[in-house]
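Following this message is one structure expressed as C-alpha cells.
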Amino acid sequence: MQSFADPPSVRRVDLAAGSTETLCAQSTTVGVDLTTSQEWFESPDGTRVPAFVVRRAGVAPDGDNPALLTGYGGFRVNRTPTFDRFRLPFLAAGGVFVLATLRGGTEYGEPWHEAGRRGNKQRVFDDALAVADGLAERGWADPDRIGVTGGSNGGLLVGALITQRPERFAAALCHVPLLDMLRFHRFLLGASWTTEYGHPEDPEAFASLRDYSPYHNAPEAAYPATMFTTALGDTRVHPSHARKMIALVQDLHTGTEPVILRVEDDAGHGVGKPTSMVVREQSERWGFVFDRLGMTTPE
C-alpha cells in the first residue's frame, strides 16, 4: 500500500477482526501534512478527465501557487497514487503536484485505452491541456507558473504540449522522450510500438502521426524553460530523439528561457541506477523546477 502521502508498506488485513497489521514499511520521514483531492476536467470532445491534486495542508486555490503537471496516457499504463520522497520539498514549499489520468491507460478499462490510442492520440494531449487550463481557472495554479513533466511515452506528451501550446507552460521536464513519430519504428524497440501509435509506413497512420509528431510540428515560438534528458545506454528510446529535438527547439526558440539537454553517460531508460546517480539526477530536476517556477527552497 502507498499513496501520495504514505511511503510504501506491506500490510496484513484481518477481515473478520477488522484489524490491520503493518509487516514492513519504507523508513521515510514525510515531514509535511499533505492533502489530496480528485477533480474532474472537461476535454474538448466533452470527455470528463480526472486528476489528483496534491498539496500541503492549508494551500488554497488562490491563483498564486506553482504547479507541476504529469501524466502518461498510453500502453495501458495505469498511473495511480504513488509516494515520491523527492517530491516532498516541492510540496512543502507550497507547490501543487497534479497527476492527470489521461486516456491511453486502462484506469477505466480498455475503452479508456482505445480512446487514446493510434489515431486517437491527440485526445491524450487535449486531456492534459484541459487539466492545465482548468488548474489555472480554478485557482490551483498561477497561470504563469505551471510546469509539466513526463518520461518515455510521457516525454512524448511533454513534447506535444510544448509544441502545441508553448505559452501555457513555464517549465518542462522531458525525460528519455519519444519525439520523432515518423522514424521511431527504425530504432531500438520502436517497431514494437506500432501497435500503440500506428505504423509510419501506413498512409493513414502516417497522416495521424504527422499531425502531432513534436519534431515535425515545432513552431518558431518562445518556448518554456525546458530540460530534455536522455542516456547513452537507453535501449528503448534512442537518444537521437532528444538530441534532434533540442537542436531544433534551440534554433526555433525566440524567447530567453533556457532550453537544455542533460545526458547520462552510464545509464539506460531509467531503471537500475545507483542511489548516488538517482539523487544527483533528482536534485538537478527539482532544482530546475524550483528555479524556473520562482520557488524558495524550504528549510
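Read-outs: derived from the displayed coordinates by stated rules, not from any lab. All values derive from a computational prediction rather than experimental measurement. Don't worry about glycine lacking a Cβ; one is built from the backbone with ideal geometry, like all the others, and counts go over all protein chains shown.
From the list Gly31, Gly63, which residue is of a type in the set (Gly, Ala, Ser), surrounded by fewer than 12 Cβ atoms within 10 Å (Cβ to Cβ) and in contact (Cβ under 8 Å) with a residue 60 or more places away in the chain? Before the answer, list the steps.
Numbers: Gly63 fails: surrounded by fewer than 12 Cβ atoms within 10 Å (Cβ to Cβ).
On inspection, the qualifying residue turns out to be Gly31.
Answer yes or no as to whether Val237 is assigned to a loop (DSSP other than H, G, I, E, B) and touching a His at 6+ places or on another chain (Cβ under 8 Å). It would help to see each step written out before you state the result.
Numbers: assigned to a loop (DSSP other than H, G, I, E, B): yes; touching a His at 6+ places or on another chain (Cβ under 8 Å): yes.
Here the answer is yes, as Val237 does meet what is asked.
Further question: Residues Gly270, Gly255, Gly294: which one is assigned to a loop (DSSP other than H, G, I, E, B), of a type in the set (Gly, Ala, Ser) and under 23 Å from Asp64 (Cα atoms)?
On the way: Gly270 fails: under 23 Å from Asp64 (Cα atoms); Gly255 fails: under 23 Å from Asp64 (Cα atoms).
Being assigned to a loop (DSSP other than H, G, I, E, B), of a type in the set (Gly, Ala, Ser) and under 23 Å from Asp64 (Cα atoms) holds for just one of Gly270, Gly255, Gly294, which is Gly294.
Can you pull out the residues in the stretch 19-36 that are closer than 9 Å to Arg56 by Cα and hydrophobic (A, V, I, L, M, F, W, C)?
Val32, Leu34
Continuing with this model, one more query. For residues that are crowded, with 16+ Cβ neighbours inside 10 Å, within 20 Å of Gly190 (Cβ to Cβ) and either of a type outside the set (A, V, I, L, M) or without any contact (Cβ under 8 Å) to a residue 24 or more places away in the chain (or both), tally how many sit in the stretch 217-239.
Counting residues in the stretch 217-239 that are crowded, with 16+ Cβ neighbours inside 10 Å, within 20 Å of Gly190 (Cβ to Cβ) and either of a type outside the set (A, V, I, L, M) or without any contact (Cβ under 8 Å) to a residue 24 or more places away in the chain (or both) gives 7.
A further question follows. Restricting to the stretch 140-198, give me the number of residues that are more than 20 Å from Pro219 (Cα to Cα), assigned to a helix (DSSP H, G or I) and among the β-branched types (Val, Ile, Thr).
Adding up the residues that qualify gives 2.
Which residue pairs have Cβ atoms under 7 Å apart, sit 6 or more places apart or on different chains, and have a first residue in the stretch 38-51 that is under 13 Å from Val124 (Cα atoms) and in contact (Cβ under 8 Å) with a residue 12 or more places away in the chain and a second that is in a loop (DSSP other than H, G, I, E, B) and not hydroxyl-bearing (Ser, Thr, Tyr)?
Sorted first by the residue in the stretch 38-51, then by its partner, the pairs are Val49/Leu102.
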